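Working notes for the structure below.
The values are calculated or read from the model by the stated rules, or taken from the named source; none is laboratory data. This is a predicted model, so every value here is computed, not measured. Quick reminder, even Gly has a Cβ in these numbers, built from the backbone with ideal geometry, and neighbours come from all protein chains shown. Note: accessible area is taken over every heavy atom of the protein model, side chains too, but ligands, DNA and RNA are not part of it. Shrake-Rupley method; radii C 1.70, N 1.55, O 1.52, S 1.80 Å.
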Amino acid sequence: MTEEYGEPQKYDPKFNGPIKNRGCTDIICCVLFMVFILGYIVVGVLAWVYGDPRQVIYPRNSTGMYCGVGENQDKPFLLYYDLLKCITGTSILASAMNGLQCPTTQVCVKTCPQSFKGTNFFGAPKDVFDQEYCQPSLNLNTTQMSPYEIVSKELCPAFLIKSDPLFNRCFPSTNFSVPPEFSIIYDGKNMTGNQSRDSILNATNQIFDSFNFQNLGKKIFQDFAKSWSWILIALAIAMVTSFLFLILLRFIAGILVWLLIIGVIGVIGYGIYHCYMEYDHFKKDGATMSNVGFTTNLSAYFSVQETWLAIFIILVVVEVILLLLLLFLRKRILIAIALIKEASKAIAHIMSSLFYPIITFVLLVVCVAYWGMTALYLATSGTPIYVISTPNRSIAGCTNITGNQTCDPMNFTASSTSCPVARCIFYKYNTEGIFQQNLFNLQIYNVIGFLWCINFVIALGQCVLAGSFASYYWAFHKPKDIPYFPVSAAFMRTLRYHTGSLAFGSLILTIVQLIRIILEYLDHRLKGAQNPCTRFLLCCLKCCFWCLEKFIKFLNRNAYIMIAVYGKNFCVSAKNAFKLLMRNIVRVVVLDKVTDLLIFFGKLIVVGGVGVLAFFFFSGRLPIPNDAFKSPSLNYYWIPILTVVVGSYMIAQGFFSVYTMCVDTLFLCFLEDLERHDGSPEKPYYMSKSLMSILNKKNRTRQDSDKKKKKKKK
């Protein structure tokens, strides 16, 4: 027994560890975490007060009013009068376009135009234009302006094109057409014939390059609508398969491990045989490296004897190493198999642990949703700014309009300027003010809060599961001594005593992840840099911090197990866990690799099996006589297949993460059990009888202990 743990104490099964009276750990970090969360809530409240997500959801017309909201509630779509100006940027505002804002008149409409309509400049305005697509301030029945004047002032569109709504904006349909004889007035010039038609086609083609996923999105949505019930059935099959595999591991873990090990050795053995036959074949043909020389055709190197000889030697070395490891580590492999079987028993006795990942998933969704909403509200914090613009700067008095003069759209009139066609249009959102000037800092705070909360939720799940499975291990008489509701008890105990320790561990991980994000940002910004030293240094730093993050995750995981068992603070638990693992490094490596092999095989069965079944079903290759159970006709059958594969992996990951946590917890408890106890009545072993038989250990009775003491005295 090591000195660092102090005197051995009697185990209390209901408290899953050797310490009866726990206390709060890492209180300072707990207080810091609580203060940070309060600040995070304040940031969210401020973002909610100042932000307006309608800026992202709903489009604005030229006067800054939302389409589909308020007075425009029955007009949800935004119509651009002249999309050519959105592309060519003829206005000085084109360089300052915000999102999909465009320096042309925009109005809210009930429906997008369903046909092409040109302008007859010789008719009456009420007969030439459609009131729905003109500005509300213009009354076509009473206006004295000519159609030419109305178009010049952009009070009505010069032409309408068959359009479809996309993101609540009217964009030209893929099958629209323009009559070759049609003429329009654009930027003060009369464009006739094919010139006008080609200009519109050119502009809309550029828009299609950015929005060509419209039809794809519709088809994908249709596929989901037709196949969602079958997707849920496939995910249910994945859940049942994962559950059954974990149950079967209790009975076939040993057989499965040995089959996998023998399979790996057999595959390498076949590779050795194949390489030797290829080497012998090319040796008889006299094909050597000198015949090929240096070439970029890699397949040519597989036609010479030296290549197959090198592969043959490598595989032989690997095979010999694996056989030697199997020979010398057979006892540790047996221990790993026994622990895996014990983990299956623990899960069978604590079935509620399999459903805890649902709680973790819900908490993660809450964290992601809060971060996303806060980021959205922060990004939309700011009042709209309007500037004076003109559709035609060549008109007298309009040349001085620079686009920098602000205005109020509710009180603006063209008579207040020297330009008769001047308009007050939306420009951008205000970035001035104390709150708006610190939006970047608040977004950084939001990112830190997101990472810290995510890591804390994951740490909470690991510590709760560790506490649950530790209560199983330290129950002397299983399952009689296992406490009632071990998962809920571990959850409450962890929150009550160890919130600070979990916050401390997750904070360390958050700092490393922030550094990695900064390095990725710098690498992205310096992609065009020609300095090889800078890029090499960044590459090294990224690699080092990636390794550091993996190590901290490993250390935190085992520290949380020790916290759940002994109730000490994070630093002490991390130190004790690290020292304990280093004293048993060979057992750690063997157990880790054997468990990884089983988990990989389990995921392969679940994801691969369900994925193959989904492929044959949705592709129509699975013969089903009953029409009611046949696969639906889909545009892209790979959409539900991909959804099933990803969903199956997430389900398998949830189930197997519980299993992996159970194995790791029982392993650390097993190592503690070995170091602390000797099998005497005062210090009995808590491990299972199968583990004791592998290690040739047993718990002695009082009589056996007295006989042993007498022998020592003699």
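Miscellaneous remarks
- Computed from label points 7 Å out along Cα-Cβ, the spacing between VAL366 and SER488 is 1.7 nm.
- Note on LYS283 and LEU526: with the Förster distance fixed at 60 Å, the Cβ-Cβ geometry gives a FRET efficiency of about 0.70.
- For the pair PHE243 and VAL317, a Förster radius of 56 Å applied to the C-beta separation gives a FRET efficiency near 0.85, rounded to the nearest 0.05.
- Between GLN131 and GLN653, the FRET efficiency from the beta-carbon distance, with R0 = 60 Å, is close to 0.55.
- Within region 523-587, trypsin sites (Lys or Arg not before Pro) in DSSP loop having at most 16 other beta-carbon neighbours inside 10 Å: LYS527
- Taking 0.36 nm per residue of sequence separation and removing the Cα-Cα distance, the GLU682/HIS477 pair yields an extension gain of 72.2 nm.
- Relative protection proxy for 372-378, 42-48, from highest mean packing down: 372-378, 42-48 (other beta-carbon atoms within 10 angstrom).
- Mean-position separation - Cα centroids, region 568-612 and region 107-138, in angstrom: 69
- Estimated distance in nm for a label pair at LEU309 and ILE385, the labels positioned 7 Å out from Cα along Cα-to-Cβ: 7.5
- Averaged per residue, region 487-612 has 50 square angstrom of accessible surface, using a 1.4 angstrom probe with ligands and nucleic acids left out.
- Extended-chain gain in nm, criterion 0.36 nm per residue less alpha-carbon gap, LYS226 and LEU537: 106.8 nm
- Linear extension gain, PHE167 paired with GLN73, 0.36 nm per residue minus alpha-carbon span: 32.2 nm
- In nm, spacing of pseudo-spin labels at THR406 and ASN438 (7 Å Cα→C-beta vector): 2.2
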